[in-house]
Structures are given as C-alpha cells and as structure tokens.
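Here is the structure we will look at, set down as structure tokens.
No value in this document is a laboratory result; all are computed from the given coordinates. Predicted, not measured: the structure shown is a model, and the values here were computed from it. Reconstructed Cβ throughout: ideal geometry from the backbone, glycine too, with neighbour counts over all protein chains shown.
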Amino acid sequence: MKRIFIIIILGVIGMNNMYAQNKNFIFLVEQAIKAPSGHNTQPWKFKIESSRIIIYPNFDRALPVVDSNHRELFISLGCATENLCVAARHMKYLPAVSVSNEGTITVELVKEQALEDEALFEEIVKRQTNRSKYNGKEVADATLKSIIEKCGTGEVSIYSWKKNTAPFDSLKEYVKEGNILQMGDTLFTTELKSWIRFNKRQSEKANDGLSYATFGAPNMPSFISKPIMNSFLNSKKQNNADMAKINSSSHLVLITSKENTIQGWINTGRCLEHFLLETTKAGIANAYINQPCEILNLQSEMRSEFPINHEYPMILMRIGYAKSVAYSKRKDVSEVIENYKFIKELNKAMTSE
C-alpha cells in the first residue's frame with residue numbers, strides 16, 4: 001500500500017512538472033516568434049516535445065520571387081532560434097541547437113538553475129525594424145566595435161562602414177541599382193503588394209505582413225490607401241526615400257557568411273538577431289536595405305568589391321538613432337505550434353486530476 005502511495009505521489013509530481021514545462025515551452029515559442037522575417041511573413045512552425053522544441057520552415061509563407069532559394073526564410077528561422085535560446089537561458093534552461101540538412105532546427109532544453117541571468121532577454125520585446133529617417137547622430141566607434149565583437153561567430157562576420165566613407169557611398173549605389181531592378185519587376189511588386197496591410201482593419205485581421213503603421217502612414221480605407229501606396233512602388237521614389245533614410249543614418253552594416261547553405265543561412269540569422277538585440281539594448285535603431293543581397297549578380301559583385309574575404313553578403317542594414325515606431329503584428333502562438341491543441345488538452349487534463 002505504501003509503495004502504491006509513493007508511486008501516486010511521484011506521478012502527481014511528474015504531471016505538475018510536465019504542466020509547468022509545457023507552459024514554459026509555450027512561453028519560449030512566444031518569444032521566438034518576435035523575430036523578424038522578410039515582409040513579416042513569419043515563415044515558421046514549432047512542435048513542442050518533452051525536452052525539446054523543434055522549428056520547421058513553413059514554405060506556405062515563402063516569398064518565391066524575392067527569396068526564390070529560401071535564403072531569407074532560413075535566416076528568419078535562425079533569428080527565431082536565437083530568440084528562443086535567449087529566452088530559454090532566462091528561464092534557466094540550457095539550450096543545445098542542431099540543424100538537419102533540410103533545415104529543421106531542434107533545440108534541446110535542459111533545466112539548469114546555475115545559469116547566469118540573460119542580459120538580452122528584455123530586448124526581445126523591444127526590438128523593432130525602424131524604417132523612419134534617423135536623427136543623424138553618429139554611433140560611437142567603440143560602441144559599435146564592442147557590439148560586433150560580441151556577435152561574430154567565425155562562420156558569420158559583421159562589417160560596418162561609417163557615413164561619408166567610400167564603402168558607404170558605394171553601397172548606396174548598390175541599393176539604387178537593386179531598387180531599379182526590383183521595382184521594374186512586375187512579379188516582385190505584385191508579391192510585395194500581396195503582403196502590404198493597407199489599414200488597421202487589414203493589419204489586425206492578418207497579424208502578419210507589412211503594416212501601414214510601420215511605414216508611418218495614416219489609417220485610411222483601402223480604396224484610398226492602396227492607390228497612394230502603389231504610387232510609391234517605382235524605382236525613382238523608392239531611391240529618393242532610401243537615399244534620404246541612408247543619409248540620415250550613422251553606419252551601414254553588412255553581415256556575411258562563409259557558406260551559402262541552409263546551415264550558413266540559419267547561422268546568419270542567429271548572428272543577426274544577436275546583433276539586433278545588442279543594438280536595441282544600446283538604443284540603436286536599425287532597418288534593412290537588403291536589395292543588393294537579394295539580387296544574385298549584385299550579391300556576387302559585392303563579394304568581389306568589398307573587403308569581406310570573399311564571403312557571401314547576406315544582410316545589409318542601416319543603423320543610427322531614432323524615435324521608436326509602430327511594431328509589426330504577430331500571429332498568435334496557437335497558430336504556429338503544430339501540437340498546441342494537444343498540449344492545451346493535456347495541460348487541462350493534468351490540472352483537473
């Protein structure tokens with residue numbers, strides 16, 4: 001009888017621990033999906049298991065025109081992975097990441113109370129892409145150097161060039177050329193428009209895509225906002241806007257990878273998100289100007305022209321100082337966890353025992 005009682009007690013303790021861990025793992029996924037993604041497509045799926053979280057690519061949310069080889073999709077998965085790992089350490093789980101050849105990411109999680117406090121956790125919710133004009137203030141060399149030294153991995157590198165330097169001005173020309181090529185491509189502009197949420201109603205219904213608010217546009221009926229937004233989708237206006245924003249920035253930052261592979265792309269994403277969290281902590285704004293990295297011949301030219309050890313250009317962005325802007329929407333966690341319903345039912349069953 002005593003033995004049965006002990007078994008029951010241990011079973012109750014085990015169920016309580018499982019319930020707590022399920023809640024913790026859902027929380028970790030909630031932090032992971034705050035990561036950035038191309039056009040805010042949120043191209044990820046998650047599965048929660050007893051001691052791990054698995055991250056899958058969701059190709060239903062891919063961008064076949066601008067990202068035909070899924071490079072930026074897997075970079076986004078790397079960003080989500082980094083967020084998950086930062087949040088895991090905050091929750092006293094030691095994460096161990098592995099990646100399959102197909103790009104499935106497995107994060108093993110072991111409880112470890114001795115872990116130090118995670119300094120970047122609070123930055124996950126604060127991080128944003130800031131597409132506004134910046135105030136022109138320069139990021140101190142020592143500040144940027146310290147951040148880059150924390151984020152480089154050996155396989156992924158971060159290069160920066162200050163405004164009014166030759167590489168900075170050369171990169172501006174690459175952005176201009178990228179805009180000419182992309183805005184002249186009907187397939188590109190059609191895909192882009194399909195992800196623009198033209199007003200509050202569309203944005204709140206979809207919880208994805210490029211919200212009108214993140215561009216600083218007012219909330220108007222779509223029959224008004226669509227023609228206005230469409231009128232800006234040409235290379236001349238895009239270049240004028242981008243050049244003004246770049247000139248208001250402090251530095252251009254280029255993230256490169258030694259490998260142009262799925263593993264290299266995921267590693268790039270992890271490095272990118274680490275950089276974004278560190279810059280957020282330092283009060284530094286950022287926005288992507290990734291057109292040259294998205295066009296194969298421009299990417300190839302950049303490999304040869306810039307002092308980047310012939311590594312593959314992956315992400316080009318501008319940084320500086322600016323006021324915060326509206327945040328992009330996110331899908332609810334229930335929509336991205338494959339076995340969310342099962343976990344909720346399991347938790348319900350355990351708490352009703």
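Data overview
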read-out: Within the chain, helix-based [θ] at 222 nm, where runs of 4 or more DSSP H residues each add -39,500 (n - 2.57), nearest 500; value: -15000 deg cm²/dmol
read-out: Ordering of 44-52, 296-304 by burial proxy (mean other Cβ atoms within 10 Å per residue, highest first); value: 44-52, 296-304
read-out: Of LYS47/LYS176; LYS111/LYS323; LYS163/LYS237, pairs whose Cα-Cα distance is over 32 Å; value: LYS47/LYS176; LYS111/LYS323
read-out: Too-long pairs where the Cα-Cα distance tops 24 Å, listed order kept, from LYS126/LYS348; LYS133/LYS329; LYS34/LYS205; LYS34/LYS281; LYS34/LYS92; value: LYS126/LYS348
read-out: Calculated log₁₀ intensity ratio I(q)/I(0) where the Debye formula runs over C-alpha points of the stretch 213-296, q = 0.15, 0.16, 0.19 Å⁻¹; value: -0.82, -0.90, -1.07
read-out: Computed over the chain: relative contact order in percent, which uses C-alpha pairs under 8 Å that are six or more apart; value: 25 percent
read-out: GLU49 versus ASN101: modelled label distance in nm, points set 7 Å from Cα along the beta carbon direction; value: 1.9 nm
read-out: Size of electric dipole in the stretch 35-164: Cβ of Lys, Arg +1 and of Asp, Glu -1, about Cα centre, debye, nearest 20; value: 480 debye
read-out: Relative contact order (percent, whole number), the stretch 207-353, Cα cutoff 8 Å, 6+ residue spacing; value: 34 percent
read-out: Within straight-line cross-link reach of LYS331, aspartates and glutamates at Cα separation under 17 Å, skipping those fewer than 8 residues along the same chain; value: GLU30, ASP60, GLU204, ASP208
read-out: In sequence order, calculated HN-Hα J values of the stretch 214-230 (Karplus, 6.51, -1.76, 1.60; Hz; x Gly/Pro); value: 6, 8, x, 8, x, 7, 9, x, 4, 5, 9, 6, 4, x, 5, 5, 4
read-out: Chain lengthening between GLU345 and SER222 when straightened (0.36 nm per residue, less Cα-Cα); value: 40.3 nm
read-out: Environment charge of TYR174, counting only residues whose C-beta is closer than 14 Å and scoring Lys/Arg +1, Asp/Glu -1; value: -3
read-out: Sequence-distant residues sharing a close amide H with GLY136 (under 5 Å, placed H); value: TYR321
read-out: Rg/Rh for the stretch 139-234, where both radii come from Cα atoms and Rh is the Kirkwood radius; value: 1.11
read-out: Viscosity 1.306 mPa s, 10 °C: Kirkwood-radius Stokes-Einstein D of the chain over Cα pairs, µm²/s; value: 74 µm²/s
read-out: Compactness index (Cα Rg / 2.2 N^0.38 Å), the stretch 78-154; value: 1.39
